[in-house]
Each structure stands twice: as C-alpha cells, then as structure tokens.
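Note sheet for the following structure.
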Amino acid sequence: MKTYYFTYGSNHKDAKGQPLGKSFTPITAFSPATARAEIVRARGDQWAFVYYSSEEAGIDTFHLHFRSLESVTL
C-alpha cells in the first residue's frame, strides 16, 4: 500500500465552512485509482490535486495543514 496526498483549492471548504486551501489529506490505498475513489466518495469533485509523495505535494515547503478524510467529508 502507498500513501497519496490530496490538496485543495483556495475556494474549497469543509462541511463547517472552514477553508481548506492550505491543507492536505493523506489516503493510504493500493492504487491511485482506489485513493481517488475514496476522496470522491467523501468530497465529490471538491479537491484539487493528488500527489505521490509529501515532497511533491509541497507539504513542508508550503506549510500545509493535515486534515483527516473524516474531517473534510461533505
């Protein structure tokens, strides 16, 4: 299994209306397609990009905040 990192656009919000623009959600899955299916099930098309490493996602570089899948589910 591998971890995939999902990020959000500046206009994306959680169910409570909190912005997600500086956030990421890791999903551990057997394939990118399985991880995408999980984020789509939780948020529909309300996410921006999927990355294959935390470095590629820019988590440390851009000081992104962790958000669990449960906390971003709509």
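Points worth noting:
- Rg to Rh, two decimals, where the range 1-46 supplies the alpha carbon set and Rh follows Kirkwood: 0.99
- Amide H contacts for GLY21 (H built 1.01 Å from N in the peptide plane; partners 5 or more residues away or on another chain; cut-off under 5 Å): HIS12.
- Charge tally for LYS16 (other residues, Cβ to Cβ under 13 Å; Lys, Arg +1; Asp, Glu -1): 0.
- Whether the range 24-74 is rounded, prolate or oblate, judged on the alpha carbon gyration tensor where a/c under 1.5 counts as rounded: oblate
- Each residue of the range 5-20 was assigned a 3J(HN,Hα) from its phi angle through the Karplus expression (A = 6.51, B = -1.76, C = 1.60, θ = phi - 60°), giving 10, 9, 10, 10, x, 5, 8, 7, 9, 7, 5, 8, x, 7, x, 10 Hz with x at Gly and Pro.
Read-outs: derived from the displayed coordinates by stated rules, not from any lab. The structure presented is a predicted model; accordingly, all values stated were derived computationally and were not measured. Virtual Cβ from ideal backbone geometry, glycine too; neighbours counted across all protein chains shown.
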